[in-house]
Amino acid sequence: VDTATFSPIELQLSHLLLVGGRPCLDFCNTVEYRHSESPVEMLIGYRALIVWAHRAGLVSNTDATTLLTRIVDEEQVFLRALRLREAIYALIMAHLENRPVPTDALATLHGVWQTALDHRQVIYQNGQFSEAWAGALTPERILWMLALSAVHELTQETLRWVRPCPNCGWLFLDESRNHKRVWCNMQICGNRLKARRYYQRQKRSGGESL
Ligand SMILES: [Zn+2]
């Protein structure tokens, strides 16, 4: 990929921290501070989607370059990507917070997942069976990969170890041995919040501010 042509937000996406542990969770993390007054949206268009998919390892360098130059129906794919992302996020959060699961979100995920399955095939090559995508690469395939990832995660026991970072709201799968991971990233959110609490304590006690 030619990063020289990247916009600032595309550059940011191309270095984005992948803390989720699963593609569908990292996909949800293309929005930061969801529950604050000013959420930060990083998925701002078709190009951003491709740059992120490359960063997340869903498409190769060559494929990303090809997809970035393609201008077929791109706005539609982008809008469907946003709808899918919000559906995945809504389903996970509803489950984690013991709320009724939104049926429209479930229908959205189901629709993309069904289409994804229609494009899978079993092949036999070099003495081995494997699953593969049928047909040529399209930008839609990124959505299909994410739907497969989401359905896989939603149906695993490990779903209970998915949680949002208390600072930035990013989702992650806590695969630590004792499942006590709190932050998406200790260096970034852990320290940032600790610093803020310290500052507030100082202010309350009338001490020196940081
Ligand atoms: Zn965080």
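General remarks:
- Given (1) touching a Phe, Trp or Tyr at 6+ places or on another chain (Cβ under 9 Å); (2) under 21 Å from ASN185 (Cα atoms), number of the condition HIS35 does not satisfy: (1)
- Inter-residue pairs, beta-carbon under 8 Å, first closer than 21 Å to LEU154 by Cβ and in the stretch 164-179, second away from the ligand (no atom under 15 Å from the Cβ) and among the β-branched types (Val, Ile, Thr), 6+ apart: LEU171/ILE92; LEU173/THR158; GLU175/THR158
- Boolean, GLU37 is more than 27 Å from VAL151 (Cβ to Cβ) and surrounded by 20 or more Cβ atoms within 10 Å (Cβ to Cβ): no
- Test result for LEU109, in contact with a helix residue (DSSP H, G or I) (Cβ under 6 Å, 6 or more places away or on another chain) and either under 19 Å from PHE27 (Cα atoms) or not polar (S, T, N, Q) (or both): yes
- Subset tally (residues that are closer than 19 Å to SER7 by Cα, more than 16 Å from the ligand (Cβ to nearest atom), surrounded by 13 or more Cβ atoms within 10 Å (Cβ to Cβ) and not hydroxyl-bearing (Ser, Thr, Tyr)) for the stretch 42-75: 18
- Scope the stretch 124-173; condition within 16 Å of the ligand (Cβ to nearest atom), part of a loop (DSSP other than H, G, I, E, B) and open to solvent by less than 70 Å² (accessible area, probe 1.4 Å); matching residues: CYS165, ASN167, CYS168, GLY169, TRP170
- Any hit, the stretch 126-133, residues being touching a helix residue (DSSP H, G or I) at 6+ places or on another chain (Cβ under 8 Å) and over 15 Å from PRO23 (Cα atoms): yes
- Test for SER176: is it away from the ligand (no atom under 16 Å from the Cβ), hydroxyl-bearing (Ser, Thr, Tyr) and either over 16 Å from ARG34 (Cβ atoms) or modelled with pLDDT of 95 or more (or both): no
- Filtered by the rule that a residue be under 15 Å from LEU84 (Cβ atoms) and either surrounded by fewer than 20 Cβ atoms within 10 Å (Cβ to Cβ) or not aliphatic (A, V, I, L, M) (or both), the stretch 100-115 gives PRO102, ASP104, LEU106, ALA107, THR108, HIS110, GLY111, TRP113, GLN114, THR115.
The values are calculated or read from the model by the stated rules, or taken from the named source; none is laboratory data. These numbers come from a predicted model, not from an experiment. A quick note on method: Cβ atoms are made from the backbone with ideal geometry, for glycine too, and the neighbour counts reach across all protein chains shown. Ligands, DNA and RNA are stripped out before the accessible areas are found, and what is left, the full protein with its side chains, is counted by its heavy atoms. Shrake-Rupley method; radii C 1.70, N 1.55, O 1.52, S 1.80 Å.
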